[in-house]
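Student: The structure's right below; bear with me while I get my questions together.
Please treat every number below as a calculation from the coordinates, not as lab data. What you are looking at is a predicted structure, and each value in this text was computed from that prediction instead of being measured. Cβ sites come from the backbone with ideal geometry, for glycine too, and all protein chains shown count toward neighbours.
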Amino acid sequence: MTNGRGGGVLAVQRFAQLALGLALSVVMTSAAFAQSQQPTRTPPAPPATGAGYSYDPAGRRDPFVSLVNRGIDLRGTSTRPEGLAGLQIDELTVKGIILSRGAYVAIVQGPDEKTHVARSGDKLFDGVVKAVTPDAVVFVQQVTDPLSLVKQREVRKPLRPVEEGK
């Protein structure tokens, strides 16, 4: 094929083949070099019989541990005392507030549908009743999140929940 250029098309094709070959050679050499630089790892020891699960982190976090529940779980029922002292603030519902002997007293209900009388200063599983007002109960809750700078927070539970959308 002559077009007056002296075989220029064939020269371009040959140059492209040489460039492709050179690129493949560089890629293969760099892959072999990277593989030779990898540290050799010893295989993990098999888990002990009956253990069921073993994980060697080698500096990495366990991918099967939840990132959401990193604090202490206080929902275990085996360690809770009976009555008001065994209830968490989030579980309570304020059912009524009455005036008794010059002080307000709250009637609260737990998740087991039992009602309890709460006065200012009464201890709960995760906090204390700070005050009982005519329209709400104010609690001081202990924060169990180890990453939080705040160790206590104030929770206000009204007698009548605020209706949204009015």
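Student: Do the conditions hold for VAL129, that is, is it assigned to a strand (DSSP E or B) and surrounded by 16 or more Cβ atoms within 10 Å (Cβ to Cβ)?
Tutor: On the way: assigned to a strand (DSSP E or B): yes; surrounded by 16 or more Cβ atoms within 10 Å (Cβ to Cβ): yes.
Considered against the rule, which asks whether it is assigned to a strand (DSSP E or B) and surrounded by 16 or more Cβ atoms within 10 Å (Cβ to Cβ), VAL129 comes out as yes.
Student: Considering only the stretch 113-120, I want to know if a residue exists there that is without any contact (Cβ under 8 Å) to a residue 60 or more places away in the chain, at negative phi, surrounded by 16 or more Cβ atoms within 10 Å (Cβ to Cβ) and assigned to a strand (DSSP E or B).
Tutor: Within the stretch 113-120, one or more residues are without any contact (Cβ under 8 Å) to a residue 60 or more places away in the chain, at negative phi, surrounded by 16 or more Cβ atoms within 10 Å (Cβ to Cβ) and assigned to a strand (DSSP E or B).
Student: Follow-up question, since we're still on this one. Taking LEU149, is it part of a strand (DSSP E or B), loosely packed, with under 12 Cβ neighbours inside 10 Å and of a type in the set (A, V, I, L, M)?
Tutor: So LEU149 does not fit the description; no.
Student: Does any residue of the stretch 87-97 turn out to be of a type in the set (D, E, K, R), more than 29 Å from VAL68 (Cβ to Cβ) and part of a strand (DSSP E or B)?
Tutor: Taking the stretch 87-97 first, the residues of a type in the set (D, E, K, R) are 90-91, 95.
When the remaining residues are screened for being more than 29 Å from VAL68 (Cβ to Cβ), the result is 95.
Those left that are additionally part of a strand (DSSP E or B): 95.
Looking through the stretch 87-97, at least one residue is of a type in the set (D, E, K, R), more than 29 Å from VAL68 (Cβ to Cβ) and part of a strand (DSSP E or B).
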